[in-house]
1. Go through segment 129-141 residue by residue and tally those that are over 21 Å from Glu84 (Cα atoms) and touching a residue at least 60 places away in the same chain (Cβ under 8 Å).
2. Is it the case that some residue within segment 76-96 is more than 30 Å from Pro15 (Cα to Cα) and surrounded by 14 or more Cβ atoms within 10 Å (Cβ to Cβ)?
3. Considering only segment 67-110, how many residues are part of a strand (DSSP E or B) and not polar (S, T, N, Q)?
4. Given the conditions (1) closer than 27 Å to Val66 by Cα; (2) without any contact (Cβ under 8 Å) to a residue 24 or more places away in the chain, report the number of the one that Pro189 does not fulfil.
5. Determine if segment 71-86 includes at least one residue that is under 16 Å from the mean Cα position of the chain (by Cα) and not aliphatic (A, V, I, L, M).
6. Can you list the helices (runs of 4 or more DSSP H) lying wholly within segment 237-301 that have 2 or more residues being more than 22 Å from the chain's Cα centre (by Cα) and at pLDDT 85 or above?
7. Would you point out which residue out of Val25, Val9 is part of a helix (DSSP H, G or I) and more than 20 Å from His133 (Cα to Cα)?
8. For segment 21-67, which residues satisfy the criterion of being out of contact with any strand residue (DSSP E or B) (no Cβ under 9 Å at 6 or more places or on another chain) and more than 29 Å from His252 (Cα to Cα)?
Amino acid sequence: MTAARRTSVRLNRVPVLPYPELASVLRELVAGVQDVLDGNVVGVYLVGSLATGDFDLDSDVDFLVVTQDEVAEEAARSLQAMHERIHGLGCYPAEHLEGSYVSRAVLNRAEDVGVQPLWYIDNGSTVLERSTHDNQWHVRWVLRERGIALVGPKAATLLASLPVEAVRGEAYGVIRRIAQEFTDAVAGPLTFWTSRFGQSYAVLQLCRVLSTLETGTVRSKLSGVRWALEKLDRKWAGLIRRSWTEREGVRHCIKIRQRAAESALAQTHDFIKYAVHESETRLARWGIEDIRSTCDGGKARHDKTVGPARRMMSAGRNGTAVDMTPLYDR
């Protein structure tokens, strides 16, 4: 093993709790990536809640590997074998790695956002597949502004400042998508959106994307809750607090199988209508009309696969999982 292939891993910003084994899993990840990709590795970065803050028992371990060139098919097969080996370690961080491999060129091409699939490993999965899950504006924002470099240069040196209207446009599209999908599902049988997990997810994600629409920044789930409690109409405070409490324990994949209380679904539906109105009001106040046209008719462009909980709820073409999660699945 040459020094060029193995670089010491910077773990000083990796939390010891709630999973003390996280650091050792990240060492395995970085070593495996360097072994497979050799000199093609630019850097390995933590994103998601490890970067934005408030990583907890129910969080995924989100990462991005930035490469100089595209990852070839043969290398992708070796990376999948590496992920299978790490998953087999059996601890929570090893089983909940989620991330993508992106070249510097794609990272810096605005026209590729939401369009160009990346090699991606889903939370709970051992299959490396093509997906635009992480090829999104909010992921770029977290990488540039909050990303933790395990190896490689500071993430801010890899891509230029992001257009705030693109970050806001993506947030607006997600609000519209949640509104449409929840409305379509609320009166029907058990689905992701009508489950206890999905109901709380809708509320918490709307808090986050409304804050993104307002500030042009990306927050953690808990920070989004705090922002919403301070900035939104106080009539929603109880629903928001209950939804945060309901999120606890979703890692056990039980609440995804249980229908939410009808009163919670009705109140959430009303909150979604409020969120749509608030987003439209803000856009009108700012005089921003072109954001709507960036969202594909009110839906942000996503081709996202799902974590293990959502995989239980649905299957799509050829038995593959259907994405049920709009944005910031972090």
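1. Selection size over segment 129-141: 5.
2. Checking segment 76-96: not a single residue is more than 30 Å from Pro15 (Cα to Cα) and surrounded by 14 or more Cβ atoms within 10 Å (Cβ to Cβ).
3. 5
4. (1)
5. No; the residues of segment 71-86 include none that is under 16 Å from the mean Cα position of the chain (by Cα) and not aliphatic (A, V, I, L, M).
6. Counting at least 2 such residues, we get 237-247, 262-286.
7. Criteria check complete, one pass: Val25.
8. Ala31, Asp35, Val36, Asp38, Gly39
The values are calculated or read from the model by the stated rules, or taken from the named source; none is laboratory data. None of the values given here were measured: they were computed from a predicted structure. Glycine also receives a Cβ, built like all others from the backbone with ideal geometry; neighbour counts cover every protein chain displayed.
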